[in-house]
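Quick notes on the structure that follows.
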Amino acid sequence: MQIPIILIGPICAGKTTVGEKVAKKLNIPQYSMDDMRFSYYQEIGFSKETQQNIREKQGFQGLYAYWKPFEAYAVKRILEDYKHAVIDFGAGHSVYEDMGLFQQIEKILKPYQSLVLLLPSADREESIQILHQRLHQITDDKDVFELNKHFVTHSSNYKLAKQTIYTKGKSADTIAEEIILSI
């Protein structure tokens, strides 16, 4: 088994929940990019004021574009800092529209064999529906729903993942066992 184990996928795919289960079963630490990202972003000039200004003037799409270089940097940094752990990426940390950023991430992640994409279903439309149901429990923001649809349909996750695990109808413990057995 190769460590670190990296979990990628859209919002509400279960990356953090499953990551915690895998880490516990393997008795190794788990780190969630969502908890750590802003400290990495600040290392290269991220500004909450700039973020707020962009959100107000350009909306969510502008904000998403602002985050991308910081997300790429954070991927590099978390892998430098935590070599013997389970790491769950934020949904955007494995999706890049800019080919230069995607190639940068692809190069960084190439050596990592335990890179698992979590999706509810092999059917992308079904995955979107399931994830939307989960999202409705935490937000009504239409931008987030559209962004998550983008995360499911964009090619980045599929190109980066070394394997995909479909989670529909499975408990977090079952998914964790499947990950451990597959790596």
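The table for this structure:
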| read-out | value |
| --- | --- |
| Counting all C-alpha pairs of the range 70-112, share separated by more than 15 Å (%) | 37 |
| Contour excess over end-to-end distance, with Cα ends at Thr153 and Phe38 and 0.36 nm allotted per residue | 38.8 nm |
| Separation between Cα centres of the range 2-71 and the range 114-183, rounded to whole Å | 16 |
| Zone residues, the range 123-149, relative to Gln61, backbone N less than 16 Å from point 7 Å out along Cα-to-Cβ | 142-149 |
| In order through the range 44-50: 3J(HN,Hα) via Karplus (6.51 cos²θ - 1.76 cosθ + 1.60), integer Hz, x for Gly, Pro | 10, x, 4, 10, 5, 5, 4 |
| Compactness of the chain as Cα Rg over 2.2 N^0.38 Å, two decimals | 0.99 |
| Whole-Hz ³J(HN,Hα) from phi, Karplus 6.51 cos²θ - 1.76 cosθ + 1.60, for the range 54-65, glycine and proline x | 5, 4, 5, 8, 10, x, 5, 4, x, 4, 4, 5 |
| Karplus-derived 3J(HN,Hα), 6.51/-1.76/1.60, for each residue of the range 132-143, Hz, glycine and proline x | 4, 4, 5, 5, 4, 6, 10, 7, 10, 5, 4, 4 |
| Rg in Å to one decimal, and Dmax rounded to a whole Å, for the range 1-46 via C-alpha atoms | 12.5, 37 |
| Under 5 Å, built H, 5+ apart or other chain: amide partners of Tyr96 | Ser156 |
| The range 70-183, dipole about Cα centre (Lys/Arg Cβ +1, Asp/Glu Cβ -1), debye to the nearest 20 | 380 |
| Interchain or long-range residues, amide H under 5 Å from Leu115's placed H | Ile6, Lys162, Gln163 |
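Just so you know, all these numbers are worked out from the coordinates, no wet-lab data involved. Given the structure is predicted, the values throughout are model-derived calculations rather than measurements. Neighbour counts run over all protein chains shown; Cβ positions are idealised from the backbone, glycine included.
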